[in-house]
Amino acid sequence: MSSKKRLYLASGNKHKRAEMQQILPDFEIRIPSDDGINFDPVEDGKSFYENSLIKARALWELVHEPVIADDSGICVDALNGEPGIFTSRYAGPSFMHGKPDGTKISQEEQNRFLIEQLNATGSSDRSCHYTCAMVLLLNPDRFFVAQETFEGELITSIEKQAGTGGFGYDPIVFLPQYNKTVAEISADEKNKISHRGKAVRAIAQILEKLDF
């Protein structure tokens with residue numbers, strides 16, 4: 001039995017839990033499926049922050065314990081910040097905000113479509129950034145928010161994707177300062193500079209000052 005304080009993470013993504021656990025070793029990070037909870041709230045916010053708060057409040061209503069939620073995505077500058085909050089639902093230029101029937105395409109297809117869509121603009125600007133809005137919710141009316149970004153560039157063709165680390169769009173986001181994609185750097189390196197790593201460290205500083 002763990003003696004660590006528990007924090008519920010409003011996600012079904014085990015990769016996110018692993019990242020969070022690495023950055024917050026003094027807490028036991030749990031996700032809904034650990035307790036057999038079916039968790040799939042409707043994320044109809046207009047921003048990363050709104051979606052994060054929706055998820056945090058929805059999970060708190062189920063567990064009545066402190067919750068961390070985040071909403072994150074990739075924003076491509078030459079595509080006016082798209083896919084942004086629709087990152088997980090993005091299905092190419094015809095369905096930038098997701099397919100009407102709610103079905104999702106594979107991550108491999110998402111990566112290929114995003115590169116092709118940027119190439120089709122003819123823009124020489126390949127800059128992009130990940131955004132993460134993170135909420136620490138102690139009860140429905142008491143919460144803290146941190147929002148951070150992680151800058152990079154989209155590679156020019158899917159053939160140049162590289163790396164097996166990370167997840168999502170990481171193999172196609174190039175970091176000039178490392179001369180590597182996000183998927184090629186180590187988990188420790190990523191946590192130091194990533195949007196989620198920076199946001200959770202900001203939340204960690206708040207946690208140090210709280211007693212719950």
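The values are calculated or read from the model by the stated rules, or taken from the named source; none is laboratory data. Everything numeric in this text was worked out from a predicted model, so none of it was measured. We place every Cβ from the backbone using ideal geometry, glycine too, and count neighbours over all the protein chains shown. The area values use the complete protein model at the heavy-atom level, side chains included, leaving out ligands, DNA and RNA. Shrake-Rupley method; radii C 1.70, N 1.55, O 1.52, S 1.80 Å.
Summary table
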{"item": "For K5, distant residues with modelled amide H under 5 Å away", "result": "E28"}
{"item": "Nearest-10 value in Å² for the accessible area of L154, using the 1.4 Å probe", "result": "0 Å²"}
{"item": "Accessible area expressed per residue, the chain, with surrounding protein chains retained (probe 1.4 Å, Å²)", "result": "50 Å²"}
{"item": "Computed lengthening from T121 to N179, 0.36 nm per intervening residue step minus Cα-Cα distance", "result": "18.4 nm"}
{"item": "Taking the chain and dividing mean pair separation by its residue count, relative contact order in percent (alpha carbons under 8 Å, at least six apart)", "result": "17 percent"}
{"item": "Portion, in percent, of the accessible area of the chain that falls on carbon or sulfur, probe 1.4 Å", "result": "48 percent"}
{"item": "F113 accessible area, 1.4 Å probe, all protein chains in place, Å² to nearest 10", "result": "50 Å²"}
{"item": "Entry for volume of the Cα convex hull per residue in Å³ (calculated from the structure that is shown) out of (i) 152; (ii) 124; (iii) 144", "result": "(ii)"}
{"item": "For the stretch 130-140, Karplus couplings with θ = phi - 60° (6.51, -1.76, 1.60), whole Hz, Gly/Pro x", "result": "8, 10, 9, 9, 10, 10, 9, 10, 8, 7, x"}
{"item": "Segment I206-T149, length gained on full extension (0.36 nm per residue, minus Cα span)", "result": "18.6 nm"}
{"item": "Value of Rg/Rh across the stretch 57-172 [Cα atoms, Kirkwood radius]", "result": "1.05"}
{"item": "Accessible area (Å², 1.4 Å probe, nearest 10) - R57", "result": "100 Å²"}
{"item": "Net dipole in debye of the chain [+1 Lys, Arg Cβ; -1 Asp, Glu Cβ; about Cα centre; nearest 20]", "result": "300 debye"}
